[in-house]
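Taking it in order: structure first as structure tokens, then the write-up.
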Amino acid sequence: MTFVQNFPFISIIVSLFSGAVSSILSGRTARVINRIVVITVAILSAVTLAYTWRTGTSYVFWMGHFPAPFGNEIRVGVLEAGMAVFFCLIVLLSLWGGREHMEMEVEESKQNYYYILTNLLLCSLLALVYTNDLFTAYVFVEINTISACGLIMITQTGRTIEAAVRYMIMSLLGSGLLLMGLCILYDLTGHLLMSNIQEAVAVLHASGEYTIPLTITIGLVTVGLAIKSALFPFHTWVPDAYGYSTASSAAILSGLVSKGYIFLLIKIIYRVIGFETFHDTKIVNVLFVFGLAGMIFGSLSAIKENNIRRMIAFSSVAQIGYIYMGIGMGTQAGMVAAVFHIFSHAATKALLFIAGVGLTDASGNNVQFIHLTGAAYRNKIAGVAFAAGSLSMVGMPLLSGFISKLLFAQAAVQNQGKLLPTMIVLALSTILNAIYFIKTVIRIYTPTESDYEGRALSSQKLFAVSAVLLVVLNLYLGSMSQFLVDLIEKGLGMFA
């Protein structure tokens, strides 16, 4: 075993213990530790990505060098390593862009808690990406849930506490269904290791034994993770959770937390159930229908909103629908489009939340659209960043959203049974996206004589760097997307 193969395990452990260490540090010191950890993990993940890309194969790492069931396993391929790099990048830019707001909204004595929660959240996301054991995955799903709930309610206002309670109720419902599914799956197969379960499930599927219990199990796991990732109609907690938490929290929660659960579901589809077995259960059709519904109803809810942050939150519901539509196509092309949209949406949504807070700050901290008129002139960087994110969501060429929609359309062409509904809803969703995003861009660029003396966040280096880098990331994903598409296809091939 080469030393590089230890890096994923080191990344998880470093993130985990940095959270514990931050509990006895001041907020400022905890922030420095957090920044060092995120950058270090990003570098380790990038080296791991280069290693797996060069070797062309995935590998299994035994924690403690003991095989299962005595030890635990993580499995590393190009897609896992690439996702880890991207998660670290979004966490870092989100924290930079919303740092001032966090320091204003969170009591100074509790700011170290914020970085504890962020470190634990990163640790859980890395574990969900790398783990090869279902029970370990469930443990880190719960760590992820608790960390996300803490990030929502850290400001301790009435709205954030209410939002955290709603989030916890829905998330625990999803966790309960997931745990029930895993228990039944363990009862059917006698294994918790993903590769061993896949072998047992393949035998059961081929023999026709326990078809109904196996289908119920797959349904419970799928629905549990769908609830946790806010698939329509399980999205009711999203507007308040994203709309009233700090800017950094909203960017991280919207861009990464739900994506971690979706990535775990994709791993389960490929490496636990088996792609063909999952397709044969027809659960893909259910995901396809609810994905299409989420695309429409999420956008309709966004159109009716008069609060910019809640509008962006409802947009996330629609974008989650895109991902589940791709999974629901039940094809390799649909899955590639879904995974690409995980990257695209994470980058774009972080950009929109960071830019949105710049616009509201330049408008006297008002989030209502009527007060945002001309905000792009008062904060030029936030205006350009929000416009870029909006155009990406609509599907403007050279931006990441265009590539996502193109991949979904190409996948639909290869699936004649789902071609017509996909194309219709894709076109309708694009029109609805344009209605509420372009309307907002027009408003912020409408000149007005403003009395606001909003803080010029564009003069702050971290905000400016974060906004500019997120725009550059969107342009890269939109104009240089072939490398990422190749990485996804290669990674999914390693899954299979």
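Contact order, relative form, for segment 333-458: 38 percent (alpha carbon pairs under 8 Å, 6 or more residues apart, mean separation divided by residue count). Compute the long axis of helix 258-268 from its Cα atoms, compare it with the longest principal axis of the Cα atoms of the chain, and write down the angle in degrees, 0 to 90, nearest 10. Compared with the principal axis, the helix lies near 10 degrees. For the chain, averaging the sequence separation of C-alpha pairs within contact (under 8 Å, six or more residues apart) and dividing by the residue count gives a relative contact order of 15 percent.
Quick one: check the C-alpha center-to-center distance for segment 357-411 versus segment 132-192, whole angstrom. Value for the Cα centre distance between the two parts: 31 Å. Between Ser23 and Val286, the modelled labels are 3.9 nm apart [label points 7 Å from Cα along Cα→Cβ].
Computed from Cα positions, the angle between helix 134-153 and the longest principal axis of the chain comes to roughly 10 degrees. Counting only alpha carbon atoms, the long axis of helix 211-228 and the longest principal axis of the chain meet at about 20°. Structural size metrics of segment 246-324, computed from C-alpha coordinates, are Rg and Dmax of 14.9, 45 Å.
Accessible surface ranking for Thr40, Thr52, 1.4 angstrom probe, highest first: Thr40, Thr52. Over all directions, the projected convex hull of the C-alpha atoms in segment 5-51 averages 2.9 nm² in area.
Ranking Ala375, Ile342, Gly208 by Cα position along the charge dipole of the chain, where only Lys, Arg, Asp and Glu carry charges on their C-beta atoms, puts Ala375 farthest toward the positive end.
The values are calculated or read from the model by the stated rules, or taken from the named source; none is laboratory data. All figures in this text were calculated on a predicted structure; none of them were measured in a lab. Ideal geometry is used to build each Cβ from the backbone, glycine not excepted, and the neighbour counts take in all protein chains shown. Each accessible area value is taken on the protein alone, full model and side chains, heavy atoms only, with ligands, DNA and RNA left out. Shrake-Rupley method; radii C 1.70, N 1.55, O 1.52, S 1.80 Å.
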